[in-house]
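Below is one structure, written out as structure tokens; the observations come after it.
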Amino acid sequence: MKAKIFVIGDGPLVMGFKLAGVDNTMQVNEKDFQSELEKSLSNNDYGIIITNERMLSGVDWRLKKKLDSIAYPVVIPMPDQSGKSVEGDQIRDLIKRALGFDLGAKK
Amino acid sequence: MASDVNPTRMELIKTKERIVLAKKGHKLLKQKRDALILEFFKILKKAQDLRGQLAEKMVRGYRSLGFAETYHNMQDLTKVSLDLRKDIEVDIEVRNVMGVKIPNITTKMESPHFLSLPTYSIAGTSAKIDNAVGNFNEILEMVVKLAETETAMKRLIVEIEKTKRRVNALEFVLIPRLDEQKKMIAFRLDEMERDSFVSLKAIKRKLDKKKQAN
């Protein structure tokens, strides 16, 4: 399936990806984020949705659950300026729980 | 629980059938788990801590963007970004691994310009913009790579956990319980058989005595 990349998030994120050549972007504030994200999820043109991790953590659990189960489109949360990534830690925790060893400790 | 079943032959046969079924299911689930873990490690090799690298890159990207924003204003940056628009096409195919849906992503980024050089004007822009553009180009590439591996890993790991729980539930709870039940029923049946055997003997002895008395 042919699809496009869509960026939804705060000012710096959107600007950055605009400079990288992404055409479909939308700058939103925290209040409109959830409804706009839902709208973009139902748009079949978008295959990868890049968004703010901080904003994504604010949406309600039903949407989060949906994000965890769908394979299309793919939603990628990006870390913010501080460079701390909750997403990566989450995945590592999951791995630790499922496989019984810490992958992060190896590096 | 094992104690509230009727110790009948029918029940014994049923329990035996259930044990066979549970064992079959256990074996299959174990195979599924192993296959999932194999797939997971394959993807893990590809992923190679992309997340950590991305976080680092993002910090640098944001910083260069901040510089660019302070040197030029937002309008200038927006103008530059209009010149940079690319045809980015992602091809997403959903692959099915043991019932887990995994996206397979291939990207095609085509610049409408045939030069690999920056396509915005030198006049009115500075190295700050070049920096930000370069950084975010790298970030975009990484994100696309990450999109495939990360979602696949997330889906797989959740499924692995579920399957593992099922395997363990079968192995350590259901099958031992059924075994116990089978043993109990067999024991009760044997006991009943001995019981009736003894009483039959007793009756026979009484009848023999009666015959002799006559």
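Structure notes:
- The lone criterion from (1) over 30 Å from B:Phe187 (Cα atoms); (2) at pLDDT 85 or above left unmet by B:Arg18 is number (1).
- Failed item in (1) modelled with pLDDT of 75 or more; (2) surrounded by fewer than 21 Cβ atoms within 10 Å (Cβ to Cβ); (3) not small (Gly, Ala, Ser), with A:Leu19 passing the rest: (2)
- Considering (1) in contact with a helix residue (DSSP H, G or I) (Cβ under 8 Å, 6 or more places away or on another chain); (2) more than 10 Å from every other protein chain (Cβ to nearest Cβ); (3) more than 30 Å from B:Ile129 (Cβ to Cβ); (4) surrounded by 13 or more Cβ atoms within 10 Å (Cβ to Cβ), the lone condition that B:Lys14 does not fulfil carries the number (1).
- Failed criterion for B:Lys45 (all others in (1) within 21 Å of the chain's Cα centre (by Cα); (2) at the interface with chain A (Cβ under 10 Å from one of its Cβ atoms); (3) farther than 22 Å from A:Met15 by Cα hold): (2)
- Total residues in region B:52-77, condition modelled with pLDDT under 80 and either within 7 Å of chain A (Cβ to nearest Cβ) or closer than 30 Å to B:Lys42 by Cα (or both): 2
- Helices (runs of 4 or more DSSP H) contained entirely in region A:1-93, each with at least 1 residues that are touching a residue at least 60 places away in the same chain (Cβ under 8 Å) and under 27 Å from B:Glu89 (Cβ atoms): A:11-19
- Qualifying positions in region A:30-79 - among the hydrophobic types (A, V, I, L, M, F, W, C) and exposed (fewer than 12 other Cβ atoms within 10 Å of the Cβ): A:Trp61
The values are calculated or read from the model by the stated rules, or taken from the named source; none is laboratory data. Computed from a prediction, not measured in an experiment: that's the story for all the values here. Note: ideal-geometry Cβ built from the backbone for every residue, glycine included; neighbour counts use all protein chains shown.
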